[in-house]
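Here the structure is laid out as structure tokens; the discussion comes afterwards.
Since every read-out is calculated from the coordinates, none of them should be taken as a lab result. Quick caveat: nothing in here was measured; it's all calculated off a predicted structure. Positions of Cβ are generated from backbone atoms using ideal geometry, with glycine treated the same way; all protein chains shown enter the neighbour counts.
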Amino acid sequence: MAHVAIEYVIMVPVLILQIFLFPLAANSLMNIWVESRKNLTLQETASHLGSAMQQLYSALNHKTISTGKATYSPQLSPLIENQYYTITGKLVTVLDPAMKPTKILKLTLVLANAGTRVTTSVLLGPDALWKNSTLVSTSSNAYISATKNSTGITLQFGG
């Protein structure tokens, strides 16, 4: 009988502790998984947009095209984990190893109310220009446009 009482004294607190620890651990692991999924989805979207912008730039960056305009509707997922996101861009000039200026468009995607943020870089040529604009994922007519004229190729979001 004494052994049974000692087992209860040892096992009951351990069982009670498990009742609280397992749900807390499962909740913590789920939160990590959801955040990772948000981050991955945002990064995939950023890569898709960066690739599209680079293709638009490349399509117009040929010496046989003097002026022109190209647009692309990216068909973005409007929500990630029931939250919209915004996309902004910033053009920076850097020197390549041959000391020639080249431009990099840094796209930043921010998930609303979550603080999740990803950035991707798009390598463009020296004649690239960026018109400050923001794209909201819930916009039904969102697009990316590239316009070539005598000053260069201007990229921007629209919609």
Quick one: compute the contact order of segment 30-158, relative version, from alpha carbon pairs under 8 angstrom and 6+ residues apart, as a percent.
30 percent
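May I ask you to derive the FRET efficiency for Glu35 and Val9 from their Cβ-Cβ distance with R0 = 35 Å, giving the value to the nearest 0.05? Let's see the in-between values first.
Values: r = 41 Å, r/R0 = 1.16.
That gives a FRET efficiency of 0.30.
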Report, in degrees rounded to the nearest 10, the 0 to 90 angle that the Cα long axis of helix 2-60 makes with the longest principal axis of the chain.
10 degrees
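If you take every residue apart from Leu105 with its C-beta less than 14 Å away from the C-beta of Leu105, what net charge results, scoring Lys and Arg +1 and Asp and Glu -1? Display every interim value, and only then the final one.
On the way: positive: Lys90, Lys103, Lys106, Lys131; negative: Asp127.
Net charge in that neighbourhood comes out at +3.
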Highest GNM mean-square fluctuation, the chain, Cα pairs closer than 10 Å: which of Gly115, Gly50, Gly89?
Gly115
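Return the FRET efficiency for the residue pair Asp96, Lys69: r is the Cβ-Cβ distance, R0 is 41 Å, and the value is rounded to the nearest 0.05. Walk me through the numbers before you get to the answer.
Details: r = 28 Å, r/R0 = 0.68.
Efficiency, from the Cβ-Cβ distance: 0.90.
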Measuring from its Cα centre, the chain shows a charge dipole (+1 at each Lys and Arg Cβ, -1 at each Asp and Glu Cβ) which, in debye to the nearest 20, is 840 debye
Selected from Pro13, Pro74, Pro23 as most flexible by GNM, with the chain as the system and alpha-carbon contacts under 10 Å
Pro13
For segment 81-91, Karplus couplings with θ = phi - 60° (6.51, -1.76, 1.60), whole Hz, Gly/Pro x:
6, 6, 10, 7, 9, 10, 10, 10, x, 8, 9
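If you stretched the chain out fully between Glu44 and Leu123, how much longer would it get, using 0.36 nm times the residue separation minus the C-alpha to C-alpha distance?
26.7 nm is the gain from fully extending Glu44 to Leu123.
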Candidates (i) 19.5, 71; (ii) 25.4, 96; (iii) 16.1, 51; which is the computed Rg and Dmax of the Cα atoms in Å?
(ii)
First select every other residue whose beta carbon is under 12 angstrom from the beta carbon of Ile144; then total the charges, Lys and Arg +1, Asp and Glu -1.
+2
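Given a Förster distance of 35 angstrom, what is the FRET efficiency for Gln54 paired with Asn27, based on the Cβ-Cβ distance and rounded to 0.05?
Working: r = 41 Å, r/R0 = 1.17.
Efficiency computed from Cβ-Cβ geometry: 0.30.
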If each K or R counts +1 and each D or E counts -1, the residues other than Val92 whose Cβ falls under 12 Å of its Cβ total +3
From the Cα centre of segment 109-149 to that of segment 1-71, the distance in Å is 23 Å
Per GNM of the chain with C-alpha springs under 10 angstrom, the most fluctuating residue out of Val122, Val136, Val14 is Val14
If you stretched the chain out fully between Ala112 and Asn132, how much longer would it get, using 0.36 nm times the residue separation minus the C-alpha to C-alpha distance?
5.2 nm
Of Gly115, Ala5, Leu24, which is farthest on the positive side of the dipole of the chain, counting Cα position, with +1 on Lys and Arg Cβ, -1 on Asp and Glu Cβ, and the Cα centre as origin?
Gly115
Reachable lysines from Lys38, Cα under 24 Å, same-chain residues fewer than 8 places away excluded?
Lys90, Lys106
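Could you list, in their original order, any pairs among Lys63/Lys100; Lys69/Lys100; Lys63/Lys103 whose Cα atoms are separated by more than 22 Å? Don't jump to the answer; show the numbers that get you there.
On the way: Lys63/Lys100 19 Å; Lys69/Lys100 26 Å; Lys63/Lys103 19 Å.
Checking Cα-Cα distances, Lys69/Lys100 exceed 22 Å.
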